[in-house]
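Down below is the structure, laid out as structure tokens.
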Amino acid sequence: MAVDFPKLVARTMDQFNNSALNLCVVLAEGCFGSSVGLYRYNDQLIVIKSIPFNSPDYAYTAVLKEHTILSQLCHPRIIQYRGYYQTTTSWNIVLEYAERGNLATFLERRLAEGAFLNQHAVMAKFGDIADGLVYLHQRNVIHRDLKPANVLICIDNRLKLADFGISKIMHEDDLNRTIVGTPLYMAPEVARGKDYDYKSDVWALGIIFYELCMLEHPFVDRFGKRRNQKFSVPQLDCKRLGYSSALQVLCDMMIQKDLTKRWTLESILTKFRIL
């Protein structure tokens with residue numbers, strides 16, 4: 001059952017001492033002077049997303065949306081929001097630092113090493129992502145850009161969802177037809193500009209699940225010479241990798257072009273007793 005958002009608590013950092021910040025490394029730079037940096041603040045490491053006040057409306061809106069959503073979430077599988085502060089030139093949100101990078105880099109490294117994950121590791125990582133995602137869905141949030149680069153890895157090797165700049169808080173009778181997200185992880189109904197809902201995140205989760213198993217994207221060839229071939233659910237090489245056939249069943253539940261065949265996340269987790 002969906003849960004309504006609590007009233008927004010802004011969490012301004014009134015006592016935040018900007019002069020105590022020491023930049024360790026710039027993690028990312030965007031258009032119009034926006035940036036993501038790792039800073040040392042007193043005795044801790046934090047991540048700060050900054051956007052200049054003179055940025056275009058769409059860029060400023062994305063950061064404000066992330067602030068609005070993250071400030072209302074509290075879950076161990078969601079990157080922790082610490083608050084926000086303003087300077088004379090920029091608006092900034094402060095986030096928890098995930099020490100071990102993101103899942104995309106992790107998978108690239110495992111592929112280069114030819115080091116496939118065992119079933120226990122696959123299911124543990126899948127369970128972390130699903131845990132965070134079902135929490136979002138219960139609070140009426142569609143992530144809309146779920147992909148390995150937006151799944152962060154903490155020092156204890158547990159995963160956390162991040163980057164809510166294009167997420168959406170759903171309201172009753174909402175129609176979603178905006179084409180947003182990353183093409184390789186975008187559900188078919190989103191790419192076609194059709195109505196979509198929480199199941200669009202389930203498609204992306206299924207793609208990530210396949211990548212956890214096979215260390216490669218199942219449909220990358222579809223964006224080239226095989227793009228027009230008839231759809232079929234990608235097949236895991238369970239026998240070679242020592243996986244149970246149940247993992248293929250799980251894949252079948254998520255990567256379905258037909259929405260009536262794609263399961264809801266809560267139904268999947270109930271059937272597999274993952275959480």
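The values are calculated or read from the model by the stated rules, or taken from the named source; none is laboratory data. Just so it is clear, the structure is predicted and the values come from calculations on it, not from any experiment. We place every Cβ from the backbone using ideal geometry, glycine too, and count neighbours over all the protein chains shown. Ligands, DNA and RNA are excluded from the accessible area calculation, which covers all protein heavy atoms including side chains. Shrake-Rupley method; radii C 1.70, N 1.55, O 1.52, S 1.80 Å.
Near Trp203, once Lys and Arg are set to +1 and Asp and Glu to -1 for all other residues with Cβ below 12 Å from its Cβ, the sum equals +2. Each listed q (0.11, 0.13, 0.15, 0.22 Å⁻¹) maps to a log10 I(q)/I(0) for segment 123-225 from the Debye sum over equal C-alpha point scatterers, namely -0.33, -0.46, -0.61, -1.23.
Between their Cα atoms, which of Lys194/Lys239; Lys49/Lys199; Lys125/Lys194; Lys65/Lys271; Lys147/Lys230 are more than 27 Å away from each other?
Beyond 27 Å: Lys194/Lys239; Lys49/Lys199; Lys125/Lys194; Lys65/Lys271.
A simple count of charges around Leu159, restricted to other residues whose Cβ falls under 11 Å of its Cβ and scoring Lys, Arg +1 and Asp, Glu -1, yields +2.
Residues whose amide H falls under 5 Å from that of Val151, counting only those 5 or more places apart or on a different chain, are Leu103, Ala104, with hydrogens built in the peptide plane. With all protein chains in place and a 1.4 Å probe, the accessible surface of segment 112-227 carries 49 percent carbon and sulfur.
Note on Lys168: aspartates and glutamates with a C-alpha under 15 Å away, same-chain residues under 8 apart excluded, are Asp4, Glu66, Asp145, Asp195, Asp197, Asp201. Among the listed values [x] 21; [y] 14; [z] 25, the one computed from these coordinates for percent of Cα pairs over 34 Å apart is [x].
Solvent-accessible area per residue in segment 118-256 equals 44 Å², computed with a 1.4 angstrom probe and all protein chains kept. Over all other residues within a Cβ to Cβ distance under 13 Å of Asp252, the charged ones net out to +3, with Lys and Arg as +1 and Asp and Glu as -1. Of the residues Leu111, Leu159, Leu241, the one with the largest accessible area comes first in the ranking Leu111, Leu241, Leu159, computed with a 1.4 Å probe on protein heavy atoms.
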